[in-house]
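The values are calculated or read from the model by the stated rules, or taken from the named source; none is laboratory data. None of the values given here were measured: they were computed from a predicted structure. Backbone-built Cβ (ideal geometry, glycine too); neighbour counts: all protein chains shown.
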Amino acid sequence: MTTKAPLLAGLAFAASVTTVGCGPSTSLDMQWNDYVVNGIEAWRAQHEADYRRDWATIEGLHFLSPGTHTAGSAADNDLVLTAALPPRIGQFTVANSKVVFDAEPGAALNVNGKAPTPATTLRDDGEDRSDEIQANGVSVVVHRSGERIALRVRDPNGERARGFRGFSWFPITSDYRVGARFIRDVKPREDHVVNTFGDIDTYQSEGVLQFTLNGQQLSLRPFTTRPKHFYIVFNDATSGNETYEAARFLTAELRDDDTTILDFNEAYNPPCAFNPFTTCPIPLPENRLRASVLAGERKYSGHSEPPIAGDQ
């Protein structure tokens, strides 16, 4: 995944009754009650359902060099995909950073639910609308990791989906739901971020979030994936022990007064924690907290290391 747009925003972003410090001379109203706890539980349940569908089912990531490549389940293809696909689905031609697909004559497949047409230029899964090749319940889409182009294969009945071990969470607690003040940069900037495959992805950021957690004054730099929506990639003193070592993710919504709530009960693992065919950003140096965040999702029991760059 290039996980530029996280699947869910927090459901527990609510109005308030108590005041919690979130940095020098700043405060934000908060609340903690059954409504908030139920919202976090509902968020976790929806997150688990989405991740099982969207990320546990990824069965391969096949990088494409310039030129034409045959693909399918048969061993004589340039790209040997999951066994559930037809022996050959067609060929992919890469040129000028575009991917053109020509379906194999007679192959039982569709593109976006319709019969394929010759020389279809495929939109990748980082665009608002991607093009999906479908056959026998399996989907194939174009995925970009930095400057590199790959085919991402999802198979809901594949080995990865069948072997997925599920989620483990810390107990929900008010200690890790804090207010934060957004301190804007003079102007927005682009951050070039290394992902787990060693490629560089680009994100926009506009400032830092300042907050107090367990008596420590801290800050994080969020990425702005859409107006007033923050996507935070961080790790902390628990990373590699109680939590996934590379990173965890968190989302937050910015209020009109430049405050927000950071609910670390909803901090979650990237899909690369359990699936080596996903691409995930590494935290910026300033997002590597010295504090321990014993909240949100714990380390996956079947810890997965991403493969070295190359065709997988």
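So residue 140 clears everything in (1) in contact (Cβ under 8 Å) with a residue 40 or more places away in the chain; (2) surrounded by fewer than 16 Cβ atoms within 10 Å (Cβ to Cβ) except one condition, right? Which one?
Exception for residue 140: condition (2).
Quick one: in the stretch 96-112, which of the residues that are of a type in the set (D, E, K, R) and more than 13 Å from residue 142 (Cα to Cα) is nearest to the chain's Cα centre (by Cα)?
It comes out as 102.
Could you check how many residues of the stretch 169-200 are under 30 Å from residue 41 (Cα atoms) and outside any strand (DSSP E or B)?
Of the residues in the stretch 169-200, 8 are under 30 Å from residue 41 (Cα atoms) and outside any strand (DSSP E or B).
Restricting attention to the stretch 261-305, which residues are of a type outside the set (Phe, Trp, Tyr) and either free of Cβ contacts under 8 Å to residues at least 24 places away in the same chain or assigned to a strand (DSSP E or B) (or both)?
Those that are of a type outside the set (Phe, Trp, Tyr) and either free of Cβ contacts under 8 Å to residues at least 24 places away in the same chain or assigned to a strand (DSSP E or B) (or both): 261, 262, 263, 281, 285, 288, 297.
Pick from 158, 198, 146: which is free of Cβ contacts under 8 Å to residues at least 60 places away in the same chain, more than 19 Å from residue 220 (Cβ to Cβ) and either among the aliphatic types (A, V, I, L, M) or surrounded by 14 or more Cβ atoms within 10 Å (Cβ to Cβ) (or both)?
Of the residues listed, the single one that is free of Cβ contacts under 8 Å to residues at least 60 places away in the same chain, more than 19 Å from residue 220 (Cβ to Cβ) and either among the aliphatic types (A, V, I, L, M) or surrounded by 14 or more Cβ atoms within 10 Å (Cβ to Cβ) (or both) is 146.
If a residue must be under 25 Å from residue 209 (Cα atoms), at pLDDT 95 or above and touching a Leu at 6+ places or on another chain (Cβ under 7 Å), how many such residues does the stretch 22-55 contain?
Result for the stretch 22-55: 3.
Of all residues in the stretch 274-301, which are out of contact with any Phe, Trp or Tyr (no Cβ under 6 Å at 6 or more places or on another chain) and among the aromatic types (Phe, Trp, Tyr)?
If the condition is that a residue be out of contact with any Phe, Trp or Tyr (no Cβ under 6 Å at 6 or more places or on another chain) and among the aromatic types (Phe, Trp, Tyr), then 277 is the only one that fits.
Assess whether residue 197 counts as being under 30 Å from residue 62 (Cβ atoms) and touching a strand residue (DSSP E or B) at 6+ places or on another chain (Cβ under 6 Å).
The answer is yes for residue 197.
Identify the residue in the stretch 213-239 that is exposed (fewer than 15 other Cβ atoms within 10 Å of the Cβ) and touching a residue at least 24 places away in the same chain (Cβ under 8 Å) and, among all such residues, is farthest from residue 183 (Cα to Cα).
Restricting to residues being exposed (fewer than 15 other Cβ atoms within 10 Å of the Cβ) and touching a residue at least 24 places away in the same chain (Cβ under 8 Å), the top hit is 214.
Answer with yes or no whether residue 152 is buried (at least 19 other Cβ atoms within 10 Å of the Cβ) and in contact (Cβ under 8 Å) with a residue 40 or more places away in the chain.
Yes: the conditions hold for residue 152.
Could you grab me the full set of residues in the stretch 63-77 that are surrounded by 15 or more Cβ atoms within 10 Å (Cβ to Cβ) and in contact (Cβ under 8 Å) with a residue 24 or more places away in the chain?
If the condition is that a residue be surrounded by 15 or more Cβ atoms within 10 Å (Cβ to Cβ) and in contact (Cβ under 8 Å) with a residue 24 or more places away in the chain, then 63, 64, 69, 71, 72 are the ones that fit.
Counting only residues that are small (Gly, Ala, Ser) and part of a loop (DSSP other than H, G, I, E, B), which one in the stretch 124-152 is nearest to residue 198 (Cα to Cα)?
Per the criteria, the residue is 146.
Name the single residue, out of those in the stretch 78-95 being part of a loop (DSSP other than H, G, I, E, B) and more than 27 Å from the chain's Cα centre (by Cα), that is surrounded by the fewest Cβ atoms within 10 Å (Cβ to Cβ).
Selected residue: 87.
Just give me the residues in the stretch 240-291 being buried (at least 23 other Cβ atoms within 10 Å of the Cβ), over 13 Å from the mean Cα position of the chain (by Cα) and of a type in the set (D, E, K, R), in sequence order.
263, 266
Have a look at 75, 71 and point out the one that is small (Gly, Ala, Ser) and not in a strand (DSSP E or B).
75
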